[in-house]
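The values are calculated or read from the model by the stated rules, or taken from the named source; none is laboratory data. It should be emphasised that the depicted structure is a prediction, and the values quoted were computed from it without experimental measurement. Cβ atoms come from the backbone with ideal geometry, glycine included; neighbour counts cover every protein chain shown. Each accessible area value is taken on the protein alone, full model and side chains, heavy atoms only, with ligands, DNA and RNA left out. Shrake-Rupley method; radii C 1.70, N 1.55, O 1.52, S 1.80 Å.
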Amino acid sequence: MIRIGVDIGGTKMEIAALDDSGAEILRRRTETPRGAYPDAIRALADAVLDAERTVGQRCTVGIGTPGAVSAKTGRLKNAYASALNGMPVKSDLEKLLGRELRFANDANCFALSEASDGAAQGASVVFGVILGTGVGAGVVVDGRALAGVNAIAGEWGHNSLPWPAADELPGPRCGCGKEGHIEAFLSGPGLARDHQLATGESLEPSQIVARAESGDRSCEGSLARYEERLARALASVINLLDPDVVVLGGGLSNAGRLYRNVPARWGRYVYSDTVTTPLLKARHGDASGVRGAARLW
């Protein structure tokens, strides 16, 4: 059986086909369908059909998207920057392709990929985090990505930053409209905003990381604040879920110092005399989302 996965991002869409062993036999990246909804949904269906023509057979299809399909309305919710948001994407795409499809939040797909054959392979409970333009997370238990009764399991980024200091209140405004959310602090734009407020200097997150590694004190200070906040945010997850593994993905996961400094900080917030939880970098990198979407079947 060949399984197709589609990972729909804010600007890029990736499609991959996996064989029974998990090997990729096709992988493509294109612009995310935009414009009017009928054109976007048709382009999405055409991308799947074209991939099937290439591999030479009809496949199962899993879709990873920002947000989730609402159990109440059947429409995509919380996918703020997508032309598909608020639309009946699942039912419309199933009609166009003539089969059942499986949808999941993109962070759930990431966590499922890493739990299946990635950095967390063999772990029973996995918490997968995407630190990128936004902050998403997914929970996998015994090989199954949890969706939740409201289809919001793992929406860790839309909780308030725990144990806030006085100068962190009320906190920056999140994309969802509320203040002080984890996403507003720990996303790439959140790091850049914090650095600019502290120094007056406008830098990309990757530049902040690179300059800190070169000894720039202001960038070092910004990353140290980031690590302290990430440690607090993950400590709250460990207190609630106590996962076997925490896996990081997204652009900021490339900062190697996180894997040393964050576990060194989170112990003071975790309700245990020892904290042995490993913090690992994703094995499949940017491919984890699309691989996890395929593995929804």
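Odds and ends about this structure:
- Tabulated pairs, region 216-234, first on the phi > 0 side of the Ramachandran plot, second open to solvent by 30 Å² or more (accessible area, probe 1.4 Å) and among the basic types (Lys, Arg), C-beta under 6 angstrom, 6+ apart or interchain: none
- Candidate set: region 7-21, residues that are over 21 Å from ALA107 (Cβ atoms) and in a loop (DSSP other than H, G, I, E, B); chosen: the one least open to solvent (accessible area, probe 1.4 Å): ASP19
- The number of residues in region 139-185 being basic (Lys, Arg) and either in contact with an Asp or Glu (Cβ under 8 Å, 6 or more places away or on another chain) or at pLDDT below 95 (or both) comes to 1.
- Taking region 113-127 as the range and being over 17 Å from GLY22 (Cβ atoms) and crowded, with 24+ Cβ neighbours inside 10 Å as the test, only PHE127 passes.
- Top-ranked residue in region 187-197 [being among the hydrophobic types (A, V, I, L, M, F, W, C) and under 21 Å from GLY250 (Cβ atoms); ranked as least open to solvent (accessible area, probe 1.4 Å)]: LEU191
- Region 156-174, subset outside any loop (DSSP other than H, G, I, E, B) and of a type in the set (A, V, I, L, M, F, W, C), residue least open to solvent (accessible area, probe 1.4 Å): TRP156
- Selected residue (criterion: surrounded by the fewest Cβ atoms within 10 Å (Cβ to Cβ)) from residues of region 56-73 that are within 22 Å of the chain's Cα centre (by Cα) and modelled with pLDDT under 95: ALA71
- Residue in region 32-48 that is farther than 18 Å from GLY292 by Cβ, at pLDDT below 95 and among the charged types (D, E, K, R) present: yes
- Checked against the criteria, GLY56 counts as farther than 24 Å from GLY148 by Cβ and free of Cβ contacts under 8 Å to residues at least 24 places away in the same chain.
- Every condition in (1) touching a Cys at 6+ places or on another chain (Cβ under 6 Å); (2) at positive phi holds for ALA212 except the one numbered (2).
- Residue, most open to solvent (accessible area, probe 1.4 Å), within region 175-186, restricted to residues that are more than 20 Å from LYS77 (Cβ to Cβ) and in contact with a strand residue (DSSP E or B) (Cβ under 6 Å, 6 or more places away or on another chain): GLU179
- Applying the criterion of at least 2 residues that are polar (S, T, N, Q) to the helices (runs of 4 or more DSSP H) found wholly in region 22-135 leaves 106-117.
- Unmet criterion (only one of (1) farther than 30 Å from PRO278 by Cβ; (2) in contact (Cβ under 8 Å) with a residue 24 or more places away in the chain; (3) open to solvent by less than 40 Å² (accessible area, probe 1.4 Å); (4) not charged (D, E, K, R)) for GLY86: (2)
- 1 or more residues of a type in the set (Asp, Glu) and open to solvent by 20 Å² or more (accessible area, probe 1.4 Å): qualifying helices (runs of 4 or more DSSP H) within region 198-297: 205-213, 217-241
- Close Cβ contacts (under 8 Å, 6 or more residues apart or on different chains) running from residues in region 18-46 that are touching a residue at least 60 places away in the same chain (Cβ under 8 Å) and within 13 Å of VAL6 (Cβ to Cβ) to residues that are outside any helix (DSSP H, G or I) and of a type in the set (Asp, Glu) comprise LEU18/GLU24; ARG27/GLU14.
- Any hit, region 130-145, residues being more than 16 Å from the chain's Cα centre (by Cα), touching a residue at least 12 places away in the same chain (Cβ under 8 Å) and at positive phi: yes
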